[in-house]
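Engineer: The structure under discussion is supplied below as structure tokens; questions concerning it will follow.
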Ligand SMILES: *Cc1c(COP(=O)(O)O)cnc(C)c1O
């Protein structure tokens with residue numbers, strides 16, 4: 001048994017709770033990734049490969065990329081932080097969307113950056129609203145695609161429209177933490193843009209669909225000068241041997257990921273239909289989580305539903321009291337876990353106070 005610090009619920013079975021708060025993979029990593037991870041055990045006395053060659057080679061081969069423009073990090077979080085530190089100084093403008101990956105505003109604030117949060121439209125990124133906010137001081141725009149907290153996704157044309165509207169000296173960072181869940185054509189569009197323009201970076205992670213969150217490994221595809229900057233400022237051993245080996249094997253086992261994308265999409269459809277039958281609205285998204293709206297549901301609300309789920313040993317993402325949306329974000333789990341959520345929310349909606 002693992003012992004947990006008070007207040008921290010360990011993931012999965014070990015905590016006795018169904019943890020659906022962190023958008024972790026319900027299915028775990030590819031068996032090939034686990035085997036590669038184990039194979040590192042015999043050489044833990046050695047430093048990791050500072051050139052990250054094996055993983056960059058795998059990414060370049062599988063996604064047809066220029067290997068020199070791939071940089072790996074300790075989670076994509078590290079790469080987002082490096083980009084913000086490298087390209088933004090005090091007083092520079094950073095545009096984020098109303099909901100965004102929290103570490104982007106944390107890193108931005110640490111740099112003394114001027115952050116503007118652009119409102120979204122029913123949880124969908126509004127390109128015109130972003131472009132309206134661009135000013136002479138704007139240096140960087142970061143969007144997550146698919147976005148949090150609903151998993152809504154811009155298609156390739158929409159991303160190109162955003163890029164076309166930005167001045168060439170503004171860096172557009174596409175946080176693709178959930179990109180593998182989107183239609184492959186969306187990922188291809190983002191890769192193409194990062195590959196052909198001088199001011200687009202795409203970050204990706206192994207924490208979500210690849211099921212390797214515990215190893216902390218992500219990557220970025222960048223214009224050559226940006227890759228050069230990240231190479232110079234990253235720590236030489238920012239990624240560890242186990243993470244590099246497991247991630248390389250995971251990338252090469254692309255069939256495993258295709259299977260998860262399909263299972264996830266089927267689960268999302270099933271959950272949305274069941275929750276609609278219970279009188280709830282699920283905002284349409286494509287990622288491995290969903291946003292349930294309690295707006296206009298008399299006597300019912302997100303905080304009440306979260307409490308009800310917790311009483312059934314299900315942990316959704318905690319409701320942010322500052323969020324006026326009356327919404328609850330829940331990770332897609334295994335079928336039995338999704339069944340438990342559906343049953344609990346259906347009960348919550350039908351019970352009299
Ligand atoms: C999980 C997540 C990340 C980063 O995850 P890492 O584990 O640091 O790779 C980035 N953006 C969003 C929107 C996320 O949900």
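Engineer: Condition first: assigned to a loop (DSSP other than H, G, I, E, B), farther than 25 Å from residue 341 by Cα and modelled with pLDDT of 95 or more. Now tell me which residues in region 1-60 satisfy that.
Structural biologist: 30, 44, 45, 46, 47, 48, 49, 50, 51, 52
Engineer: Kindly check whether there is at least one residue in region 116-128 that is at pLDDT 95 or above, within 27 Å of residue 233 (Cα to Cα) and within 16 Å of the ligand (Cβ to nearest atom).
Structural biologist: no
Engineer: Something else: For residue 334, only one of the following conditions fails: (1) surrounded by fewer than 16 Cβ atoms within 10 Å (Cβ to Cβ); (2) touching a residue at least 40 places away in the same chain (Cβ under 8 Å); (3) touching a helix residue (DSSP H, G or I) at 6+ places or on another chain (Cβ under 8 Å). What is its number?
Structural biologist: (3)
Engineer: I'm trying to understand the selection: among the residues of region 304-320, which are part of a loop (DSSP other than H, G, I, E, B) and under 22 Å from the mean Cα position of the chain (by Cα)?
Structural biologist: 317, 318, 319, 320
Engineer: Regarding region 151-164, can at least one residue be identified that is outside any helix (DSSP H, G or I), farther than 26 Å from residue 196 by Cβ and within 12 Å of the ligand (Cβ to nearest atom)?
Structural biologist: So far as region 151-164 goes, yes, one or more of its residues are outside any helix (DSSP H, G or I), farther than 26 Å from residue 196 by Cβ and within 12 Å of the ligand (Cβ to nearest atom).
Engineer: So, one more: Between a first residue in region 203-217 that is touching a residue at least 12 places away in the same chain (Cβ under 8 Å) and a second residue that is within 7 Å of the ligand (Cβ to nearest atom) and assigned to a strand (DSSP E or B), which pairs have beta carbons less than 6 Å apart while being 6 or more apart in sequence or on different chains?
Structural biologist: From region 203-217, the pairs are 203/175; 205/218.
Engineer: Now, a different point. If you go through region 182-202 one residue at a time, do you hit one that is within 23 Å of residue 22 (Cβ to Cβ), within 16 Å of the ligand (Cβ to nearest atom), touching a helix residue (DSSP H, G or I) at 6+ places or on another chain (Cβ under 7 Å) and part of a loop (DSSP other than H, G, I, E, B)?
Structural biologist: Scanning region 182-202 turns up no residue that is within 23 Å of residue 22 (Cβ to Cβ), within 16 Å of the ligand (Cβ to nearest atom), touching a helix residue (DSSP H, G or I) at 6+ places or on another chain (Cβ under 7 Å) and part of a loop (DSSP other than H, G, I, E, B).
Engineer: Could you check, for region 291-309, whether at least one of its residues is closer than 22 Å to residue 175 by Cα and surrounded by 21 or more Cβ atoms within 10 Å (Cβ to Cβ)?
Structural biologist: Scanning region 291-309 turns up at least one residue that is closer than 22 Å to residue 175 by Cα and surrounded by 21 or more Cβ atoms within 10 Å (Cβ to Cβ).
Engineer: If you take the residues of region 226-235 that are part of a helix (DSSP H, G or I) and without any contact (Cβ under 8 Å) to a residue 40 or more places away in the chain, which of them is surrounded by the most Cβ atoms within 10 Å (Cβ to Cβ)?
Structural biologist: 228
Engineer: For region 274-289: of the residues being over 19 Å from the mean Cα position of the chain (by Cα) and part of a loop (DSSP other than H, G, I, E, B), which is nearest to residue 24 (Cα to Cα)?
Structural biologist: Step by step, filter region 274-289, then rank; the result is 280.
Engineer: Here's something else I'd like to know. In region 209-225, which residues are surrounded by fewer than 24 Cβ atoms within 10 Å (Cβ to Cβ) and more than 20 Å from residue 33 (Cα to Cα)?
Structural biologist: The answer is 223, 224, 225.
Engineer: Could I ask something else about it? Only one residue in 83, 65 is touching a strand residue (DSSP E or B) at 6+ places or on another chain (Cβ under 9 Å), in contact (Cβ under 8 Å) with a residue 24 or more places away in the chain and surrounded by 21 or more Cβ atoms within 10 Å (Cβ to Cβ), so which one is that?
Structural biologist: The conditions single out 83.
The values are calculated or read from the model by the stated rules, or taken from the named source; none is laboratory data. Every value quoted in this text rests on a predicted model; they were computed, and no experiment measured them. Here the Cβ is made from the backbone with ideal geometry for all residues, glycine too, and neighbour counts use every protein chain on show.
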